Amino acid sequence: MKRTKKPWDGRFLEETDREVEAFTSSLSFDRRLYRQDVEGSIAHAKMLARQGIISPGEGKAIVAGLGGIRKDIEGGLVEFLPQDEDIHMAIERLLIDRIGEAGGKLHTGRSRNDQVTLDLRLYLREEIGSARKLLNNFRSLLLNLAEQERETIMPGYTHLQKAQPILLAHHLLAYHEMLQRDDERLKECHDRLNVLPLGAAALAGTGLPLDRGYTAKLLGFPRVSQNSLDAVSDRDYVAEFIFASAVIMMHLSRLSEDLIIWSSDEFRFVEIGDAFTTGSSIMPQKKNPDVAELIRGKTARIYGHLVTILTLLKGLPMSYNRDLQEDKEPLFDTIDTLKGSLAVLSGMFANLRFNRERMAEEASKGFSTATDLAEYLVVKGMPFRQAHAVVGRLVRYCLERKKTFTDLTIEEFRIFDNRFEADVREYVSVAGSISRKRVVGGTSYDSVHSRLKELADKSSKG
Ligand code: ARG
């Protein structure tokens, strides 16, 4: 006696080994596709009925049966069985249990191979929509914060050494630019995957007269796939989505790293709200930026998923291979991690307090206007290389006397070059330095404010 019936067990004499059953099952994770599976099957059944491949009555019974199954899954009333193998077979079994013979007609002109990639496309289409919402919500938070800190001066760094003074708004808007490209990448990924694979069947298409255009219309796909082998065998869209997510996480990770440094006792540029930090189990005084650290840490997971999916695909012979079932867990974890990170980072950013005095104070240290001084000499006609050397000597002079540029008298400046005049003061001041960075994309008040206005106009237009 066979333990259970499988839809494919006609050619088998022995039943599946229990360990094999457990090993091959994907139900524990692909059950999250139940809604898309039902949606795809409903469209397929409607098309079959419209084409006269099944009767109108059978079509109606299937559609009603699937609707009931969806409701019962949502109500927690459905019991999945170990032998169900995956969500597609589980739903089909339930349908046949409930409506009998007509249920056995749903899988006409279809294979799990085209069904599973359909489900995944439907699912990812939605998830990209909600990830983009979270991403763009975070972008508008960044924009508001930049607006609020539009006059705040901070040190700009290279090599984590003070380099030149910048506006905090400019720093925040740098991330806004990055995340804008990230949003474009997500949108493009969505548009490329938005293709109906159904009709490819197992690999070769089907001899039955399907109307693929009609199914596509029902499911909101603007295009149908043009090669059945390609349709069932590729998961480039999964790889592309994970790559786009990896880049977003990389950006969030760098931003988190900035916050970790800025909130350290050595910097004290920013205070993260209590609700978005954690304490230490032993050191009573501690307030740690664990959220930012975890975003940095979780980025590593997504990189791992990217390597997983690329490696999964590289050696597969045409067309469908069961290896492809391994696409789901990395994809699902990427979605969960990305959305979770964006949500918690948004909360944290709504709870930041910048220490403006401290940032401005640090911005004036470390000869941060040395490049401005060289530019001063360039304006007075000196070749830049020579100006660089003159200012270098000036820096050394100051270091030896424990002075800054602003402590020097004009006479002292003139020891180094007689082109120095009273107007040099303006060049060594931090505010003066920032004001002059008027080049497009620079950190001047004018450039940053006009970019802020441009972005605010764009976001209010949607
Ligand atoms: N659970 C399978 C997957 O995720 C569905 C397709 C199974 N197809 C097959 N020929 N065994 O890929």
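The values are calculated or read from the model by the stated rules, or taken from the named source; none is laboratory data. Note that this is a predicted model, so its numbers are computed, not measured. In this analysis, Cβ positions are derived from the backbone assuming ideal geometry, glycine residues included, and neighbour counts consider all displayed protein chains. These accessible areas exclude ligands, DNA and RNA; they are computed on the full protein's heavy atoms, side chains included. Shrake-Rupley method; radii C 1.70, N 1.55, O 1.52, S 1.80 Å.
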Quick one: helix 56-74 against the long Cα principal axis of the chain, what's the angle to the nearest 10°, folded into 0 to 90? 50
Model label zone, F384; criterion: amide N under 20 Å from point 7 Å along Cα-to-beta-carbon; scope region 142-162: 156-159
What percentages make up the Cα-Cα pair-distance distribution of region 62-126 when the bins are 10 Å wide from 0? 20, 51, 29, 1
Return the Cα extents of region 170-254 along principal axes one, two and three, sorted largest first, each rounded to a whole Å. 60, 23, 14
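Is there a quick way to get the dipole size of the chain? I mean about its Cα centre, with the Cβ of Lys and Arg at +1 and of Asp and Glu at -1; what is the value in debye to the nearest 20?
Working: 66 positive and 67 negative charges, 166 e Å.
Roughly 800 debye for the chain.
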Cα centroids of region 98-114 and region 269-293: how far apart, whole angstrom? 55
Would you mind telling me the share, in percent, of accessible area of region 1-77 contributed by carbon and sulfur at probe 1.4 angstrom? 55
Can you give the three extents of the C-alpha atoms in region 254-402 along their principal axes, from longest to shortest, in whole Å? 71, 49, 26
So what does log10 I(q)/I(0) come out to for region 326-383 at q = 0.20, 0.21 Å⁻¹, using the Debye formula with one equal point on every Cα and no solvent? -0.84, -0.87
Please report the orientation-averaged projected area of the chain, defined via the convex hull of its C-alpha atoms, in nm². 31.0
In degrees, nearest 10, the alpha-carbon axis of helix 236-262 is tilted away from the dominant principal axis of the alpha carbons of the chain by 30
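Under the Kirkwood approximation applied to all pairs of distinct alpha-carbon atoms, what is the hydrodynamic radius of region 1-66 in Å? Present the calculation step by step, with values, prior to reporting the outcome.
Numbers: mean 1/r = 0.0688 Å⁻¹.
Answer for region 1-66: a Kirkwood hydrodynamic radius of 14.5 Å.
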Nearest 10 degrees is fine. How inclined is helix 112-148 to the longest principal axis of the chain, computing both from alpha carbons? 20
Between T406 and K314, the FRET efficiency computed from the C-beta separation at R0 = 51 Å comes out, to the nearest 0.05, as 0.25
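Quick one: if the Förster radius is 60 Å, what FRET efficiency do E101 and K458 give, using the C-beta to C-beta distance and rounding to 0.05?
Working: r = 57 Å, r/R0 = 0.95.
E between E101 and K458, to the nearest 0.05, is 0.55.
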Charge dipole of region 1-58 built from unit charges on the beta carbon (Lys, Arg +1; Asp, Glu -1), centred at mean Cα; most positive-end Cα among G10, I53, Q36 is I53
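Pull up the DSSP beta bridges for the chain and report the antiparallel fraction as a percent, rounded to 5.
Numbers: 10 of 12 bridges.
The answer is about 85 percent antiparallel.
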For region 240-314, place one equal point scatterer on every Cα, skip the solvent, and apply the Debye formula. What is log10 of I(q)/I(0) at q = 0.13, 0.20, 0.27 Å⁻¹? -0.49, -0.84, -1.17
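What number, in percent, do you get for the relative contact order of the chain if the mean sequence gap of Cα pairs under 8 Å and at least 6 apart is divided by its residue count?
Working: 582 pairs, mean separation 71.3, N = 462.
Relative CO of the chain lands at 15 percent.
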So what are the three principal axis dimensions of region 28-165 from its Cα atoms, in whole Å, longest to shortest? 75, 34, 28
Which percent of Cα pairs goes in each bin when the distances of region 323-461 are cut into 5 angstrom slices starting at zero? 2, 8, 12, 13, 13, 10, 8, 7, 7, 6, 5, 4, 2, 1, 1, 0
